[in-house]
Amino acid sequence: MATEQAVKGDRATISRGMPVGVSSVLWAVAVPVVAVVFALGGLYLTVWFAVVGLLLTGTVAGVCAGAGWNRAGAGTFVFIGVFALGLFAGPVAHDTYLKQYGTKADAVVVDTAKEHDGHGRDVCRVLDTAGKVRDLGNTENCYAQFTRGQHVVLFKDPIGNLKPWIEATDTRDLDTTGLATTAGLFVATGALMLYAGLRRRTDAEVAAKKQRRRTPAAA
């Protein structure tokens, strides 16, 4: 009886605040949007900005869903979803922006190598028609698919803030697989937060559920 009264009291407390549906929708929209913002910020600032931002976003969202709303499973998957979304959103946005709005320039690969910094990242050194030499890495689409002496096309940022995107041809076709994956992760992360918010449980409800499991069924 006391447990049932505690549950009702907790529900009454929830009802006096922001409606459950409204707060759930706000969280469901905010979490993936913030993850994408940090991923994009990492392109212009530093990769650590994106990593730290995604860690904070995933932790806050996971704690909210797991500890605040007592949906531990959803909280864990939200944390994973935030990181996966960030990993895809940054490169896909980079590719999409430069392929659609970048200025094309012919170039030649003058050297290729691997950075032995613990990550083994590929590096392409390219020389464009303006005589400028650039070292491009994985972020700019260099994944050891180019060879020394190969003619390539650079898609340059019109604003000049991003390094060029390197391609073997001058096509502006987009990576539809990457776009679809990013969109799917965005929706999935938001849906998990929405589920956790709408199905949130109070501490008293969790305690009552545990009590029912411990109480043997009547004969």
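In this simple spin-label model, placing a label point 7 Å from the Cα along the Cα-to-Cβ direction at both Ile159 and Lys114 gives a separation of 3.5 nm. Neighbours of Gly75, meaning other residues whose beta-carbon lies under 14 angstrom from its beta-carbon, give a summed charge of +4 when Lys and Arg score +1 and Asp and Glu score -1.
Between Arg121 and Ser23, the contour length at 0.36 nm per residue exceeds the alpha carbon distance by 31.1 nm.
Peptides 170-181, 136-147, 80-91 ordered by packing proxy, namely the average of other Cβ atoms within 10 Å per residue, highest first: 80-91, 136-147, 170-181. Based on protein heavy atoms only, region 119-200 ends up with 55 Å² per residue of surface accessible to a 1.4 Å probe.
Beyond 18 Å, the tail of the calculated P(r) for region 151-198 holds 57 percent of the Cα pairs. Globularity index of region 81-200 is 1.28 (Cα radius of gyration / 2.2 N^0.38 Å, N = number of residues).
The values are calculated or read from the model by the stated rules, or taken from the named source; none is laboratory data. What you are looking at is a predicted structure, and each value in this text was computed from that prediction instead of being measured. With ideal geometry, Cβ positions are generated from the backbone for all residues, glycine too; neighbour counts draw on all protein chains shown. We work out accessible area using only protein heavy atoms, side chains counted, and drop any ligands, DNA or RNA first. Shrake-Rupley method; radii C 1.70, N 1.55, O 1.52, S 1.80 Å.
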